[in-house]
Amino acid sequence: MTPLLEASRVSVHFPVGGGWLSRGRRVVRAVDDVSLSVARGETLALVGESGCGKSTLGRALLRLVEPTSGEVRFDGADISRLDGAALRQLRRRMQIVFQDPYSSLDPRMTVRDIVGEGLVIHGLARGAALDAQVAPLLERVGLPRDAMGRRPHAFSGGQRQRIGIARALALSPELIVCDEPTSALDVSVQAQVLNLLVELQRELGLAYLFISHDLKVVEHLAHRVAVMYLGRIVERASAEALFARRRHPYSDALLSAVPVPDPRAKRRRLTVAGEPPSPLSPPSGCAFHPRCPRAQPGRCDVEVPALSDEEHAVACFFPA
Amino acid sequence: MSEVALSLSGLTVSFASERGRVRAVDDVGFDLVRGETLGLVGESGCGKSVTSLSLLRLLDPDVARIERGEARLGDVELLSMGERELSRIRGARVAMIFQEPMTSLNPVYTVGAQIDEAIRLHRRVSRRQARARTIELLSRVKIPAPEARADAYPHELSGGMRQRVMIAMALACDPEVLIADEPTTALDVTIQAEILELLGELQRAMGMAILLVTHDLGVVAEVASRVVVMYAGRVVERGPVDALFAQPLHPYTAGLFRSIPPVGASRDGGARRKLPTIEGVVPSLRELPRGCRFEPRCPARQARCAAEEPSLEARGDRDVRCHFPLA
Ligand SMILES: Nc1ncnc2c1ncn2[C@@H]1O[C@H](COP(=O)(O)OP(=O)(O)OP(=O)(O)O)[C@@H](O)[C@H]1O
Ligand code: SF4
Ligand SMILES: [Mg+2]
């Protein structure tokens, strides 16, 4: 079966700095040669720390930013070749929910208009028919009926995120890119929103590309996980396999850094030295080598390790 | 013997709002012990920051008013002392770091100049002596090449480095108490791990008491020895970390723990379990329930809970504000 979404060798490079006087345009390789796929009804989590390129990748897959190179296929069709009506049609099938429930909703619009906007744009409903479509969506995400005529400021963070989810659901998409949808929420509210996402997936067969830096959330939600570091995928596996055994030293460090809410837990902390390098001046060879406890000079600082072709794929010369 | 560095009691703080004053913090108290970290936890808006800012009277006096309370630092009381006296304590005996170091650093001065100034504010030393101390502090917080970094501007440093600079500045005068309000919340987990470790090391070396304000129970479990849980402006539970995490007594604390996705245990044969949640949302300070503030959301509530607010009662080495504690 063809995957619902398939990205091959996608790169997104942004030109930076210098101005028009400087020679030799510099670029940030925000996303560098990334391949991944998402099956129908599946959750692929994209994890990594700030600036690793996960949000840019998510946006490139929806063509909210243009990939510099590579190919993205949705249900078999190359989305970079679509335009006009075909692209709009495609946009119905893939939606996005953003991190910040405060800035991602227009404060001047009512909940009816926010959730129903897509339906109106696509000419699918208006007036009373719109209300009839919006009401069950609000109910489905657990918002009160009278939410319809109110504006975003009247809602809590968790409720706003539900509005964002209702908006994404309005056009019956097959894929939703969730970009840190719960990281601005308190844990008790986060749990409510995560449960909602899981239920919706079961009921509607949705696929999620779930972008997050929170490994606890990812473990709970994802079927498969891809770990990114400085624009590249360094490890990719089923959630079971990855949480049972990290093959890439960075994934291992990332997981061991998560504070565990159990004072008796024996900490096996693997601290990595220093900070992530700037994507403006990525290290030679493996981008992780300056911080890596396993790095071997002469190899890791010279060659870029490719993502292996295994079920539990890893981009490391000395994987576990 | 545990020696109390700072003792807060009865803190009550109100804010002006369009419809009269609201109490954001109501009768909050705790002891900060020398050499120990106390975690102050709770969800957004429960009053953690208002509490910590009150200790140094850093709230905007136009809207905020400390109605009541005492904060004893050795022989002095912080909440009633004169502003002049307090300014000699702020930054010297009690120092503070925040979530976003960028907002507390001045963008137009080098970080070295700002630490020099923090030192010279409280100590009579020459510029040269101050700079020597600045370099020492920067290396103490493990900033590589401290001489060179002292000449950097805040925006030239990463978030983690800026937080180290803030810590260096806070430690400039060997404070007895360090208040850290979400010091690692804006940082990536690998950087957070390093900063927490650094704070622990500095505490062991310098013996200061730390008040760590955080919403992350994982962070508390790792670094604090005692914890205060707040809900809607009230302390609902208080006690040693080990016991409190092993068996929370307040239904709210228990609900918070359960709603964290468990590590390594969320699957039953590949299927995702539903996470236990706390139903509903935190009440608005304007419409607080008459009885227990947690009553509308509490799975253990009984008739009495809506009628009468429980007081904070001792239970062994813990305190809990609930008519029907869980154990
Ligand atoms: N300057 C202010 N004016 C009016 N109300 C305020 C002000 N500062 C805080 N409050 C209110 O006081 C209450 C407690 O806020 P506080 O900032 O202490 O919460 P917190 O526990 O630190 O939350 P967070 O986890 O989001 O930092 C909130 O209801 C808040 O809206
Ligand atoms: S007093 Fe009652 S409502 Fe409040 S926490 Fe205890 S059981 Fe729940
Ligand atoms: Mg706060």
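For a test of the definition: using alpha carbon positions, the gyration tensor, and the 1.5 limit on a/c, classify the protein assembly as shown as rounded, prolate or oblate.
Details: a/c = 1.75, a/b = 1.21, b/c = 1.44.
Note, shape of the protein assembly as shown comes out oblate.
Please get the size of the charge dipole for chain B, origin at its Cα centre, with Cβ charges of +1 on Lys and Arg and -1 on Asp and Glu, quoted in debye to the nearest 20.
Working: 43 positive and 43 negative charges, 32 e Å.
Magnitude of the dipole: close to 160 debye.
I'd like the distance separating the alpha-carbon centroids of segment B:183-231 and segment A:280-311, in whole Å.
Between the Cα centres of segment B:183-231 and segment A:280-311 lies a distance of 32 Å.
With the other protein chains left in place, how much accessible area per residue, in square angstrom, belongs to segment B:109-174 at a 1.4 angstrom probe?
Values: 3290 Å² over 66 residues.
For segment B:109-174, the solvent-accessible area averages 50 Å² per residue.
With the dipole of the protein assembly as shown worked out from charges on the C-beta (+1 for Lys and Arg, -1 for Asp and Glu) around the Cα centre, which of B:198, B:112, A:308 lies farthest toward the positive end?
Toward the positive end, the furthest listed residue is B:112.
For labels at residue B:242 and residue A:71 in the simple 7 Å Cα→Cβ model, what's the distance in nm?
Reported label-point gap for residue B:242 and residue A:71 is 6.1 nm.
log₁₀ I(q)/I(0) of segment B:109-174 at q = 0.13, 0.18 Å⁻¹, via Debye over equal Cα point scatterers, no solvent, to two decimals?
For the requested q values the scattering log ratios are -0.28, -0.53.
Does any residue of segment B:181-199 lose at least 30 Å² of accessible area with all protein chains in place compared with its chain alone, and if so which ones (probe 1.4 Å)?
Flagged in segment B:181-199: B:188, B:189, B:190, B:191, B:193, B:194, B:197.
If you plug each phi of segment A:240-252 into the Karplus form 6.51 cos²θ - 1.76 cosθ + 1.60 with θ = phi - 60°, what whole-Hz ³J(HN,Hα) values come out, in order, with x for Gly and Pro?
Couplings: 4, 4, 5, 6, 6, 7, 8, 8, 8, x, 5, 4, 4 Hz.
If contacts are Cα pairs under 8 angstrom and at least 6 residues apart, what is the relative contact order of segment B:1-46 in percent?
Relative contact order, segment B:1-46: 40 percent.
Kindly report, to the nearest 10 Å², the accessible surface of residue A:122 as traced by a 1.4 Å probe over protein heavy atoms only.
Around 50 Å² of this residue is reachable by solvent.
Taking all protein chains as present, what is the carbon and sulfur share of the accessible area of segment B:109-174, in % to the nearest whole number, probe 1.4 Å?
On the way: 1610 of 3290 Å².
The value for segment B:109-174 is 49 percent carbon and sulfur by accessible area.
Over segment B:215-314, consider all pairs of different Cα atoms and compute the Kirkwood hydrodynamic radius from their mean reciprocal separation; express it in Å, one decimal. Could you put the intermediate results ahead of the total?
On the way: mean 1/r = 0.0661 Å⁻¹.
After inverting the mean inverse Cα-Cα distance, the result is 15.1 Å.
Gain in length, residue A:121 to residue A:280, computed as 0.36 nm per residue apart minus the alpha-carbon separation, to one decimal in nm?
Working: separation 159, 0.36 × 159 = 57.24 nm, distance 3.93 nm.
Difference between extended and current length: 53.3 nm.
Which order do A:88, B:238 take when ranked by solvent-accessible area (1.4 Å probe, heavy atoms of all protein chains), largest first?
Values: A:88 135, B:238 60 Å².
Ranked list, largest accessible area first: A:88, B:238.
Under a 1.4 Å probe, what is the accessible area of segment A:115-266 per residue, stated in Å²?
Details: 5150 Å² over 152 residues.
Accessible area per residue, segment A:115-266: 34 Å².
If you take the accessible area of B alone, add that of A alone, and subtract the area of the pair, what total do you get in Å², probe 1.4 Å, to the nearest 100? It would help to have the intermediate numbers written out before the result.
Working: alone 15990 and 15890 Å², together 28210 Å².
Accessible area lost upon association: around 3700 Å².
Using protein chains only (no ligands, no nucleic acids) and a 1.4 Å probe, work out which residues of segment B:4-45 have their accessible area cut by at least 40 Å² relative to the chain alone.
Going by heavy-atom accessible area, the residues of segment B:4-45 that drop by at least 40 Å² are B:43.
Eight or more residues apart or on different chains, and alpha-carbon atoms under 26 Å: count the Lys pairs in the protein assembly as shown matching that. Don't skip to the answer; put the middle values down first.
On the way: A:54/A:216; A:216/A:266; A:216/B:48; A:216/B:274; A:266/B:142.
Lysine pairs meeting the criterion: 5.
Keeping all protein chains in place and using 1.4 angstrom, which order do A:1, B:81 fall into by accessible surface area, from largest down? Spell out each step's value before the answer.
On the way: A:1 200, B:81 20 Å².
The residues order as A:1, B:81, largest area first.
In nm, what is the difference between 0.36 nm times the number of residues separating residue A:103 and residue A:309 and their Cα-Cα distance? Walk me through the numbers on the way to the answer.
Working: separation 206, 0.36 × 206 = 74.16 nm, distance 4.03 nm.
Roughly 70.1 nm would be gained on extension.
Could you put A:100, A:309 in order of accessible surface area, largest first, with the 1.4 Å probe and the full protein assembly present? If you can, show how the numbers build up before the last one.
Values: A:100 60, A:309 155 Å².
Ranked list, largest accessible area first: A:309, A:100.
Leaving out ligands, DNA and RNA, what percent of the accessible area of chain A is carbon and sulfur, probe 1.4 Å? Please report the intermediate quantities before stating the final value.
Numbers: 7150 of 14030 Å².
The C+S portion of the solvent-accessible surface of chain A is 51 percent.
What are the ³J(HN,Hα) values, in whole Hz, obtained from phi via the Karplus relation 6.51 cos²θ - 1.76 cosθ + 1.60 with θ = phi - 60°, for each residue of segment B:197-206 in sequence order, with x given for Gly and Pro?
Working through the residues one at a time gives 5, 4, 4, x, 4, 5, 5, 4, 6, 10 Hz.
Which residue fluctuates most in the GNM of chain B (Cα springs below 10 Å): B:141, B:241, B:189?
So, out of B:141, B:241, B:189, the one fluctuating most is B:189.
Once label points are set 7 Å from the Cα along Cα→Cβ at both residue A:86 and residue B:110, what is their separation, rounded to one decimal in nm?
5.9 nm
Please find the FRET efficiency linking residue B:206 to residue B:68, where r is the Cβ-Cβ separation and R0 is fixed at 35 Å, and quote it to the nearest 0.05. List each step's numbers first, then the result.
Working: r = 32 Å, r/R0 = 0.92.
Plugging the Cβ-Cβ distance into 1/(1 + (r/R0)^6) gives 0.60.
Hey, any idea what the orientation-averaged projected area of the convex hull of segment A:113-183's Cα atoms comes to, in nm²?
Taking a quarter of the hull surface, the average projection is 4.9 nm².
Of A:278, A:178, A:238, which is farthest along the charge dipole of chain A in the positive direction, counting Lys and Arg as +1 and Asp and Glu as -1 at C-beta?
A:278
Over the Cα atoms of chain B, what is the Rg over Rh ratio if Rh follows Kirkwood? Display every interim value, and only then the final one.
Working: Rg = 21.0 Å, Rh = 21.1 Å.
Using Cα coordinates only, the ratio equals 0.99.
Round to the nearest 10 and report in Å² the accessible area of residue B:257, as given by a 1.4 Å probe over the protein chains' heavy atoms.
Looks like 40 Å² after rounding.
Please get the size of the charge dipole for segment B:41-173, origin at its Cα centre, with Cβ charges of +1 on Lys and Arg and -1 on Asp and Glu, quoted in debye to the nearest 20.
Working: 21 positive and 16 negative charges, 120 e Å.
With only Lys, Arg, Asp and Glu charged at Cβ, the dipole is about 580 debye.
As a check on your grasp of the helix formula, calculate [θ] at 222 nm for the protein assembly as shown: sum -39500 (n - 2.57) over DSSP H runs of n ≥ 4, divide by the residue count, round to the nearest 500.
When only DSSP H runs of four or more count, the value is -9000 deg cm²/dmol.
Report residue B:169's accessible area, 1.4 Å probe, all protein chains in place, as a number in Å² to the nearest 10.
40 Å²
The values are calculated or read from the model by the stated rules, or taken from the named source; none is laboratory data. What you are looking at is a predicted structure, and each value in this text was computed from that prediction instead of being measured. So basically every Cβ, Gly included, is an ideal-geometry build from the backbone, and we count neighbours across all protein chains shown. Only protein heavy atoms, including side chains, enter the accessible area calculation; ligands, DNA and RNA are left aside. Shrake-Rupley method; radii C 1.70, N 1.55, O 1.52, S 1.80 Å.
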